[in-house]
Amino acid sequence: MTATADAPHLLVVDDDSRLRALLQRFLTEQGFRITAAADAAAARHALTSVAFDLMVLDVMMPGESGLELTESLRREGQDVPILMLTARGAPDDRVTGFEHGVDDYLAKPFDPRELALRIRTILRRAAPPPVADLSGGPVQLGIRWFDPQRAELRGPEGVVRLTGGEQALLLALAARPNEVLSREEIAEALGTPEAGERAIDVQVTRLRRKIEPDPREPRFVQTVRHRGYILRPGA
């Protein structure tokens, strides 16, 4: 399979030239368009000129690490989905990645087929859902509102940027307002069924920062002890 002009465009960032070349070749064969960068500085330069569909990012790089780059990009409002590659795949490492704003986490060594599968899962999650699939109107969240048909959060300041994970989480909650969703159900909706409870809690915390007047006292995304989370829309 060769990449077409409208194929998803990925930015692969890894300081290991051999792995970078292998990833570039394999992902091109999988039908993706690929731009490669050797470090965070080269990635930043590429991001200034291209709107990438997803970034595959190594966590351990000389200079600015993958986690530092992710955190910086999120602060700057960059919502490009990020799949982090790392030699450390313990649950705490995954949670740290989610806390910094990554959308998924894959430990080295990995099966290239799993990498391609996870990339496609993130891209599906980030894509606006078909209008026909969601009949509900906008969900009011105080001074902001979420349009499920556009998968778009808006407020007085305009469109509020959401990462792919935050968008998928809010879509799942908005599809079943005033119903409790277990962490397992949320993990399935996010396309990360293997995610632990702490990883889900981190995603909820990140979403609350964007919709709650006071994230420490959430009004809209509430915790139901021992059961999960519930979205309670309202003005």
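Below, the figures for the structure above:
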{"read-out": "The chain pair-distance distribution - Cα-Cα, 5 Å bins, rounded %", "value": "1, 6, 14, 18, 19, 16, 12, 8, 4, 1, 0"}
{"read-out": "Unit charges on C-beta of K, R, D, E only; dipole of the chain, Debye", "value": "460"}
{"read-out": "Gyration tensor (alpha-carbon) shape descriptor, the stretch 9-126, a/c threshold 1.5", "value": "rounded"}
{"read-out": "When the stretch 131-231 is reduced to its Cα atoms, the Kirkwood hydrodynamic radius in Å", "value": "13.7"}
{"read-out": "Given charges at beta-carbon only (K, R positive; D, E negative), |dipole| of the stretch 18-85 in Debye", "value": "220"}
{"read-out": "MRE, 222 nm, helices only [DSSP H, n ≥ 4, -39500 (n - 2.57), over the chain, to nearest 500]", "value": "-11500 deg cm²/dmol"}
{"read-out": "Residue order, fewest to most surrounding Cβ atoms within 10 angstrom, among Arg219, Arg183", "value": "Arg219, Arg183"}
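Coordinate-derived values only; no laboratory data. All values reported here derive from a predicted model rather than from experimental measurement. Counting neighbours? That spans all protein chains shown, and the Cβs are built from the backbone with ideal geometry, glycine included.
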